[in-house]
1. Please work out which residue is farthest from A:LEU153 (Cα to Cα), limiting yourself to the range B:180-192 and to residues that are free of Cβ contacts under 8 Å to residues at least 12 places away in the same chain and more than 7 Å from chain A (Cβ to nearest Cβ).
2. Please work out if B:GLY43 is farther than 26 Å from A:LEU310 by Cβ and open to solvent by less than 30 Å² (accessible area, probe 1.4 Å).
3. Does the range A:83-106 include one or more residues that are in contact with a Pro (Cβ under 6 Å, 6 or more places away or on another chain) and either free of Cβ contacts under 8 Å to residues at least 24 places away in the same chain or farther than 24 Å from A:ASN339 by Cα (or both)?
4. Being within 14 Å of another protein chain (Cβ to nearest Cβ) and loosely packed, with under 14 Cβ neighbours inside 10 Å is true for just one of B:GLU137, B:GLU163. Which residue is that?
5. For the range A:315-335, indicate whether the set of residues that are under 23 Å from the mean Cα position of the chain (by Cα), assigned to a loop (DSSP other than H, G, I, E, B) and not assigned by TED's automatic domain parsing to the domain that holds A:LYS104 is non-empty.
6. Being open to solvent by 10 Å² or more (accessible area, probe 1.4 Å), modelled with pLDDT of 95 or more, more than 14 Å from chain A (Cβ to nearest Cβ) and within 11 Å of the chain's Cα centre (by Cα): is that true of B:ARG99 here?
7. Given A:THR338, A:THR374, which one is part of a helix (DSSP H, G or I), assigned by TED's automatic domain parsing to the domain that holds A:GLY411 and either surrounded by 24 or more Cβ atoms within 10 Å (Cβ to Cβ) or among the β-branched types (Val, Ile, Thr) (or both)?
8. Looking at the range A:137-170 only, could you name the residues that are touching a Ser or Thr at 6+ places or on another chain (Cβ under 8 Å), of a type in the set (A, V, I, L, M, F, W, C) and surrounded by 24 or more Cβ atoms within 10 Å (Cβ to Cβ)?
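The values are calculated or read from the model by the stated rules, or taken from the named source; none is laboratory data. Not measured: the values here are computed from a predicted model. Note that we place each Cβ from the backbone using ideal geometry, even for glycine, and neighbour counts take in every protein chain shown. We work out accessible area using only protein heavy atoms, side chains counted, and drop any ligands, DNA or RNA first. Shrake-Rupley method; radii C 1.70, N 1.55, O 1.52, S 1.80 Å.
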Amino acid sequence: MAKTLFDKIWDQHVVKSIPGGRQILFIDHQFIHEVTSPQAFEGLRRRGLGVYDTNKITATADHNVPTVNQHLPIVEPLSKKQVDTLENNCQQFNLPLFGLGHEKQGIVHVIGPEQGITQPGMTIVCGDSHTSTHGAFGCVAFGIGTSQVEQVLASQCLVLQKPKRMRITVEGKLSKGTTAKDVILYIISQLGTGGATGYFVEYAGSVFTNMSMEERMTVCNMSIEMGARGGLIAPDETTIDYLRGRPNVPKGKQWVQAVEYYKTLFSDQAAQFDLEYSYDAQNITPRITYGTNPGMGIGIDEAIPMIDNLKALKYMGLEQGETLIGKEIQYVFIGSCTNSRIEDLRSVASFVQGKKKADHVNVWVVPGSKKVETQAVSEGLDQIFLNAGFEFRAPGCSACLGMNEDKIPAGKYCVSTSNRNFEGRQGKGSRTILASPMTAAACAIEGKIVDVRKWLN
Amino acid sequence: MVELMEKISVIRSAAVPFPYENIDTDQIIPARFLKATDRLGFGKNLFRDWRYDKSGNTIKDFVLNNSVYSGSVLIAGKNFGCGSSREHAAWALFDYGFRVVVSSFFADIFRANALNNGIVPVVINENQLHQCFESIEKDPNTSFVMDLTKQQFSGGGIDVDFEIDPYKKECLLNGLDDIDFLLQHIDEIKAFEKEHLVHKLNQTDV
């Protein structure tokens, strides 16, 4: 029977179907971090349980970590306690930890792929909704709650209802200045924040097959912002080239066997999806958000539409019918599991080289991992950022979520390459405008919202 | 079978109306309150930035600060619980005293987290949801009944059968969580793993 890519992977992981429709699903790898794991370890201890397989877990500290002076003890006591707790738990249960200062430390969704832990055909979970990022490799990867983190630690399985299948096809060629981030922001604005709830999304079409792995990660990362359990893209030569030689991928004969397996991972031509959407790349232009959820987005030169949610506009200090072009901003954040990889930093650097930021703007560039940081330094990108007046910080989730020290003050506008513009997301009262790294870079230089395309001709 | 969850079968209570759509888990519990290493005490920060102003004073007209409204049933607008996977959102609602959350649509991860923490997510349609809000507006003491065994939700002029996965229903009625269930199948899981391709490809000693 013809199967979708999602079905092929899911079905290969079903240990058992149980009455009522749920299935016991085997999980190939779990990533854990300091925020959503402490209660799971506590649960194991209370029940007297161990970890099912320590080789199938990778831990890192990312959400809470400071992005300056990482060599010093964490100042904020509660953050320090969570990071210390993770360290103690990993020690007690004998789990590999890429902790603060470790050469492999970084945002959980950046390090998995770069270490070759994320591989096509896997099921991957993490107590973090942006686990969908790993779907870029052709994985069934999704975020889970802490109770489920504990379940996977104890049994390497979850008891789940299989989601429905959706395919989103985008064909055509993206215009200059339009990036992977703009594509996913466009799709989310079409579907809305709940438009894919209950579905697992496959992204198909030439726009995605032409993307690099890092661009695909940006797309899959934001699947959750339209409610999807996850998003995935069929692995191809680009995927295999990215993975070849990475530390944790299968070696020798097993690599050959693995590649054979990866090549079976695609949706059969006759496979049925429960829901399909198609878009034309021509209609996608650089995007920004104006509201308080990622679905509230427009083309950067468009006017804010007439909407019912006036509370959102009041929070943002914006009005229906106005465009954002020329709006003064105070902060620019380039980072997060959406856009903190080396290609993101390169695109920002190539734009800002020889330019200076506007005086009134604070610009933070936060690499997604130690490895990205090291690579950026070796390419001299850090110098380009410093010369432009940007701060180049140490890896972590940083200003994406208002949990560590990097917060946007109340009432201030931040053009951010992260994934969520919820009220208070970047700090209480902060006003987030989501955009691509290139748009963020242009806004940093001018100190206001600008259409990056005017710089590109 | 250690660590039973609180069992839940029938909840009879007034309801708190929260008629906003797309409420994300950052609103339910902002990230800066996620730093605890246990599951307790999140209720005091439930809807923190809706409940308190910049100086920490209570915002009088917010529904949780209005003594007219009370109860262990929260009735919320469409797409409740979207965004982050933080289970702290479910812990905060439970700790505050909610045992039933009613909406016309729930985000997936939130729904799973609720079910894993003794909170019943009840889905009703938009019209029924509006009727609930209207009934509470007329009489904040309107009593609602959620009967898990019968899968019925009634009160405020509505009486609906709601759907719940039979497996999770049993878990909630008996205070069991998925770990209890999974541990009963650990031999089958191990047998599966032995033959599982991805596992075999990543065994360095083969």
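1. Among those that are free of Cβ contacts under 8 Å to residues at least 12 places away in the same chain and more than 7 Å from chain A (Cβ to nearest Cβ), it is B:ALA191.
2. So B:GLY43 passes the test.
3. Going residue by residue through the range A:83-106, those that are in contact with a Pro (Cβ under 6 Å, 6 or more places away or on another chain) are A:85, A:106.
Checking which are either free of Cβ contacts under 8 Å to residues at least 24 places away in the same chain or farther than 24 Å from A:ASN339 by Cα (or both) leaves us with A:85.
Yes, the conditions are met somewhere in the range A:83-106.
4. Working: B:GLU137 fails: within 14 Å of another protein chain (Cβ to nearest Cβ).
Going through B:GLU137, B:GLU163 in turn, the sole match is B:GLU163.
5. Residues of the range A:315-335 under 23 Å from the mean Cα position of the chain (by Cα): A:331-335.
Then keep just the ones that are assigned to a loop (DSSP other than H, G, I, E, B); that gives A:335.
This time we only want the ones that are not assigned by TED's automatic domain parsing to the domain that holds A:LYS104, so: A:335.
Checked against the condition, which is being under 23 Å from the mean Cα position of the chain (by Cα), assigned to a loop (DSSP other than H, G, I, E, B) and not assigned by TED's automatic domain parsing to the domain that holds A:LYS104, the range A:315-335 yields at least one hit.
6. It is true that B:ARG99 is open to solvent by 10 Å² or more (accessible area, probe 1.4 Å), modelled with pLDDT of 95 or more, more than 14 Å from chain A (Cβ to nearest Cβ) and within 11 Å of the chain's Cα centre (by Cα).
7. Values: A:THR338 fails: part of a helix (DSSP H, G or I).
Just one listed residue meets the conditions, A:THR374.
8. Here is the first cut: in the range A:137-170, the residues touching a Ser or Thr at 6+ places or on another chain (Cβ under 8 Å) are A:137-146, A:149, A:165, A:167-170.
Adding the requirement that they be of a type in the set (A, V, I, L, M, F, W, C) leaves A:137, A:139-142, A:144, A:149, A:168, A:170.
If the condition is that a residue be touching a Ser or Thr at 6+ places or on another chain (Cβ under 8 Å), of a type in the set (A, V, I, L, M, F, W, C) and surrounded by 24 or more Cβ atoms within 10 Å (Cβ to Cβ), then A:PHE137, A:CYS139, A:VAL140, A:ALA141, A:PHE142, A:ILE144, A:VAL149, A:ILE168 are the ones that fit.
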